[in-house]
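Have a look at the structure below, then the notes.
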Amino acid sequence: MRIDISTPTSEDVKYMAEHLRPIDVIEAWLLLRRLPFEALDTSIKLSDHSFVVKADGEPVILYGVNRIGLSDEGVVWMVATPRIKSLQKVFLRKCKKEFLSLTEGYEMVYNYVYEHNTIALSWLKWLGFDISSAAPGGFCRVEYRKQVK
């Protein structure tokens, strides 16, 4: 299986919006009150950096980060198609360095993840994010702060 990470095209966004995992569709609606294409299109337009992960040419994961105003904080996000389950080990090996490179230039990155999005929460924990308990409404704050050397 060939894994490529690149800048997403409009075709990638359309494909992802039509093939998202149900939990990502639910999370986008609950958090943003947006349907998949609008949520993804807006996220990419607001992002300083966004990427698509393709397996054998098929978009499987879309992720990015956007700066909060003039602060040194950013909001990270990621969505996937159901095919992520078949990529987990390959993606995990390859992605840690790639995903954490998004944190360059930020003191802290964060977002809110629906408590039932267990794949995302497990992955973020593995990456080193702190994860809060779910607040009323079912969202956990996930946060990654730069390590002081």
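Contact order normalised by length for the chain, with contacts defined as Cα pairs under 8 Å and 6 or more residues apart; what percent is it? Contact order relative to length: 19 percent.
Give me log10 I(q)/I(0) at q = 0.10, 0.11, 0.21, 0.24 Å⁻¹ for the stretch 3-105, Debye formula, one equal scatterer per alpha-carbon, no solvent. Ignoring solvent entirely, the Cα scatterers give -0.26, -0.31, -1.14, -1.41. Here the simple spin-label model places points 7 Å from the Cα toward Cβ, and for Ile26 and Leu70 these points are separated by 4.1 nm.
The simple Förster model, with R0 at 30 Å and r as the Cβ-Cβ distance, assigns Lys14 and Glu143 a FRET efficiency of 0.45.
Just so you know, all these numbers are worked out from the coordinates, no wet-lab data involved. Predicted model, so just to flag it, every value in this text is computed and none were measured. Neighbour counts are summed over all protein chains in view; Cβ atoms, including those assigned to glycine, are modelled from backbone coordinates with ideal geometry.
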